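K.L.:
I'd like to ask you about the structure that follows.
Nothing in this text is a laboratory measurement; each read-out follows from the coordinates by a stated rule. This one's a predicted model, so the numbers in the text were calculated from it and none came from an experiment. Because the Cβ atoms are built from the backbone with ideal geometry, glycine has one as well, and the counts that use them run over all protein chains shown.
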Amino acid sequence: MNTFGVGASVLRKEDDRLLRGRGKFVGDIQLTGTRHVAFLRSPAAHGYLHSISIPNEHRQQVFVADDLQTVAPIRARSSLPGFKPSDQPVLVRDKVRHVGELIAMCVADTRAEAEDIVDTIEIEIEELPVVSDMLAARDTEAPLVHEAWDDNVFLTTEFEQNLDPAIARSAASVTRTIRTARQSMSPIEGRGVLATWDTRLEQLVVYTSTQQSHIVRTGLSECLGIEHAQIRVVAPDVGGGFGYKGILLPEEICLAWAAIKLGHPLKWLEDRRENLTASSNCREHHYTITAYGDANGRLLAIDAEATVDAGAYSSYPFSACLEAAQVVSILPGVYDLAGYRCRTYAVATNKPPILPYRGVARSGVCTALELIVDALARELSIE
């Protein structure tokens, strides 16, 4: 092993202070006058929100969509042809599209008090048929997650090259249906946000557990209508991210808006229930895949259709099609194929938006590829 340069063993620099408890995460940052936030989240996956009833004694501590009328919805854009953008409300105004979606923000001196206020709020939701299966969501008769769309597909992609000539040369083929389960990331530190308005500099300062501080600043600027120069986003120590903390959060927008309005710092720390039910989802795929091989065991061609459950919205800056769009390029793997066809669908359902996660799309794609190769080998009686 080299003692310097490429291949050298490099000593880590951050371990000492972290092992001694001297790290500084969002939860460790204490600003004078900080108040705490808890959110009322939708218990329903799909439905019309008809009313929100707030006790009079808490009306000054609870904020709903009508209070944030100047805040623009989160809109993820893409240059991919045919992509349908989705407007994600910061707080739900009329329709909930997944369990855990934000309905109201409650502010109090402690997190416990804020959660007690959440429990006093009554909501009326007219539940609608839930779009929970990604294949059923593609049906023309399926309920629409977004009424402005004519179907539930964020994006369809397709690639084909030399498939028919390769099939004509094949001696055997196998077809399999493969489904991978939805997964949730669970970092040691959940998300966390601390927002404050610096009156001296006239600047919004947001401490957030993020991997993308510049993206958060741009998103805050777009949604709040504030110039970039008036926003400073600070990423302190982050207790695990893996892609899960690479997007703009509606919670970040809520706290930033409220910090400006109320004039004092606001803090929200995600608990594990919020983490698992309302945010960290990915990797739910369905494949129908056919492999063709010759009598010598050579893999000649693959013909595949992949559907990815993208959840209700595309998170900012862009998440709904990350996995589906990569399936086409990843699926051939290391194999020298003579022919290839792949069609993918990124489908909207009544689930939280999928997020980028370490090795985006690769675990599902590689599983499908190697299972179909094994099946073809068995069909040809090859070890």
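K.L.:
Arrange 122, 323, 251 by Cβ neighbour counts within 10 Å, fewest through most, would you?
P.N.:
Values: 122 11, 323 29, 251 23.
Neighbour counts put them in this order, fewest first: 122, 251, 323.
K.L.:
Relative to the first principal axis of the alpha-carbon coordinates of the chain, what is the inclination of helix 362-379, with its axis defined by its Cα atoms, in degrees from 0 to 90 and to the nearest 10?
P.N.:
Roughly 20 degrees, rounded to the nearest 10.
K.L.:
Based on the mean of other beta carbon atoms within 10 Å per residue, what is the order of 214-224, 51-61, 278-288, most packed first? The partial results should precede the final answer.
P.N.:
Values: 214-224: 19.8, 51-61: 12.4, 278-288: 22.6.
Packing proxy ranking, top to bottom: 278-288, 214-224, 51-61.
K.L.:
Quickly rank 331-337, 252-258 as a protection proxy: mean count of other C-beta atoms within 10 Å, highest first. Write out the running numbers ahead of the final one.
P.N.:
Numbers: 331-337: 14.9, 252-258: 24.7.
Result, highest mean Cβ count within 10 Å first: 252-258, 331-337.
K.L.:
Nearest 10 degrees, 0 to 90: what angle lies between the long axis of helix 111-120 and the longest principal axis of the chain (Cα atoms)?
P.N.:
In the chain, helix 111-120 runs at an angle near 80 degrees to the longest axis.
K.L.:
Where both partners of a DSSP beta bridge lie in the chain, what percent of those bridges are antiparallel, to the nearest 5?
P.N.:
On the way: 55 of 72 bridges.
Antiparallel bridges: around 75 percent, rounded to the nearest 5.
K.L.:
Need one word for region 1-57: rounded, prolate or oblate. Basis is the Cα gyration tensor (sqrt eigenvalues a ≥ b ≥ c); a/c below 1.5 gives rounded, then a/b vs b/c decides.
P.N.:
The shape class here is oblate.
K.L.:
Next up: Taking the beta-carbon count within 10 Å as an exposure proxy, list 118, 145, 206 from fewest neighbours to most. Intermediate results must be reported in sequence, preceding the final value.
P.N.:
On the way: 118 19, 145 27, 206 24.
Starting with the residue having the fewest Cβ neighbours, the order is 118, 206, 145.
K.L.:
Taking a quarter of the surface of the Cα convex hull of region 90-145, what do you get in nm²?
P.N.:
On the way: hull surface 20.7 nm².
Projected over every direction and averaged, the Cα hull of region 90-145 covers 5.2 nm².
K.L.:
Now for a different question. Beyond 35 Å, what share of the Cα-Cα pairs of the chain is found? Please give it as a whole percent.
P.N.:
Numbers: 26252 of 73153 pairs.
Of the Cα pairs, 36 percent sit more than 35 Å apart.
K.L.:
Report the local net charge at residue 220: Lys and Arg +1, Asp and Glu -1, summed over other residues whose C-beta lies under 14 Å from its C-beta.
P.N.:
Numbers: positive: 75, 217, 232; negative: 222, 227, 251, 252.
Value of the local net charge: -1.
K.L.:
Compare 20, 191, 232 in a GNM of the chain, Cα atoms joined below 10 Å, and give the one with the largest fluctuation.
P.N.:
Of 20, 191, 232, the most mobile in the Gaussian network model is 20.
K.L.:
Based on the Kirkwood radius over alpha-carbon pairs, what value in µm²/s does the Stokes-Einstein equation return for the translational diffusion coefficient of region 38-158 at 20 °C and 1.002 mPa s?
P.N.:
D = 133 µm²/s.
K.L.:
Using the Cα gyration tensor of region 137-289, with a ≥ b ≥ c the square roots of its eigenvalues, what is the shape: rounded (a/c below 1.5), prolate (a/b larger than b/c) or oblate (neither)?
P.N.:
Values: a/c = 2.65, a/b = 2.34, b/c = 1.14.
Prolate, since a/c reaches 1.5 and a/b exceeds b/c.
K.L.:
Sort 2-11, 289-298, 166-175, 350-359 for me by packing, meaning the mean count of neighbouring Cβ atoms within 10 Å per residue, highest on top. All intermediate terms of the calculation are to be shown ahead of the outcome.
P.N.:
Working: 2-11: 7.2, 289-298: 17.4, 166-175: 15.8, 350-359: 22.1.
Answer by packing, highest mean first, reads 350-359, 289-298, 166-175, 2-11.
K.L.:
While we're here: Which order do 340, 316 fall in if you start with the one that has the fewest other Cβ atoms within 10 Å? Could you put the intermediate results ahead of the total?
P.N.:
Details: 340 20, 316 24.
If I rank by nearby Cβ atoms, fewest first, I get 340, 316.
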